[in-house]
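What follows is a set of notes on a single structure, which appears directly below.
Laboratory data are not the source of any read-out in this text; all were calculated from the coordinates shown. Please read all numbers here as calculations on a predicted model, not as lab measurements. All Cβ positions, even for glycine, are placed from backbone atoms using ideal geometry, and neighbour counts span all protein chains on display.
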Amino acid sequence: MVALESTIIAHGLPRPDNLRVAREIEAAVRDAGAVPATIAVLGGEVRVGLGDAELERIGSSDDVAKCSLRDLPVVCARGGDGATTVAATAHLAARAGVGVFATGGIGGVHRDAASSFDESADLVELSRTPICVVCAGVKSILDAGATLERLETLGVTVVGYRTDRLAGFYLSDSGLDVPWRAESPAEIAAIMRARADVDAPGGVLVTNPLPPGEQLDPALHDRVLEEALAAAERQGIHGKAITPFLLDRLRAATEGDSLRANVALVLRNAALAGEIAVAAAAA
Ligand code: PSU
Ligand code: MN
């Protein structure tokens, strides 16, 4: 089984593409021979695995809260709907016994973290939750170097899939090295088993880069990111709103190219997560 997050559907991707992409992500997991379980809160209930009508509700309702771990108790107590971030999804997946999880890019240390203290709850969650998360590295709106340092401090195992470099989300290469690389889903499944054997409390983060031919043009990326960060600063955007704001600005400024890259990387991660889940089940 492969867990999937719902924040990317409700808040990360624009409508109406989001719903189509949500279905394609599930299909990519199935094509690899695994079972997808998109995680969300519906009417105050945690759901691990959504039917099509439920996926549609998460993707089209205006009343879906972005739920990190801290938000879950409130949304559940109030009977609300919530889309779960990487942190909340990892927590709920592990609790349900799901060992593999695919997303786009994890949250991390924001570029102004030295003054804002803005570091995603995704990192601390990965330090204490036994799950394999497949991602395209750290979202390029973040400080990837600082995020790698925090992952090291937090004891999170970081593995590049068929690469020595940390994937840069929209870009194939963040310019940073990863501590380990793996060549096959079976090798990653073996790392997960060994993680359990040595009682490491946290997760295994697999970083899966876009092929260079599918990445966003790096020069365009750097220019529009600069503009988006400046706009966020001008408009005083912060907290949980900053990530959706920046992703949306990039999409508008790249005329959809960033969206195409985002969809491509999520689908590749879902497929790889499916292969890892199959390898883990076979061992
Ligand atoms: N990756 C994407 N799109 C997203 C996210 C990640 O491609 O929308 C979401 C994830 O749910 C991640 C969250 O957990 O952004 C991080 O938000 P924050 O920086 O507020 O922790
Ligand atoms: Mn934050």
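Annotations
- GNM top mover of ASP173, ASP222, ASP62 - the chain, alpha-carbon springs below 10 Å: ASP62
- Inter-label distance for ASP217 and ARG20, nm, one decimal - labels placed 7 Å from Cα along Cα-to-Cβ: 2.3 nm
- Unit charges at the beta carbon, dipole of the chain: most positive-side option, ALA270, VAL158, ALA94: ALA94
- Rounded FRET efficiency, nearest 0.05, which uses the C-beta distance separating GLU226 from ALA53 and R0 of 45 Å: 0.60
- Residue order for GLU125, GLU24, fewest other beta carbons within 10 angstrom first, comes to GLU24, GLU125.
- Between ALA281 and VAL124, residue separation times 0.36 nm minus the direct Cα-Cα distance comes to 53.8 nm.
- Kirkwood Rh, angstrom, the chain [1 / mean 1/r, Cα pairs]: 18.4 Å
- Applying a DSSP loop filter and a limit of 10 other Cβ atoms within 10 Å to the chymotrypsin sites (Phe, Trp or Tyr not before Pro) in the stretch 88-182 leaves PHE117.
- Extension gain for the segment GLU152 to GLU187, taken as residue separation times 0.36 nm less the Cα-Cα distance, is 10.5 nm to one decimal.
- Shape category assigned to the stretch 28-135 from the gyration tensor of Cα positions, a/c cut at 1.5: oblate
- The charge dipole of the stretch 2-282, taken about the Cα centre with unit charges on the Cβ atoms of Lys, Arg (+1) and Asp, Glu (-1), comes to about 420 debye, rounded to the nearest 20.
- Among LEU55, SER120, GLY105 - extreme Cα towards positive end, dipole of the stretch 55-173, charges at beta-carbon: LEU55
- Only the Cβ atoms of Lys and Arg (+1) and of Asp and Glu (-1) were treated as charged; on that basis the dipole of the stretch 19-156 about its Cα centre amounts to roughly 220 debye.
- DSSP-defined beta bridges in the stretch 2-282 - what % are antiparallel, rounded to 5: 30 percent
- Checking every one of the trypsin sites (Lys or Arg not before Pro) in the stretch 60-100 against DSSP loop status and a limit of 13 other Cβ atoms within 10 Å picks out ARG78.
- FRET E, pair PHE117, ARG95, Förster distance 41 Å, beta-carbon r, rounded to 0.05: 0.90
- Kyte-Doolittle mean at least 0.0 and Cα axial length at least 27 Å: DSSP H helices in the chain: 257-282
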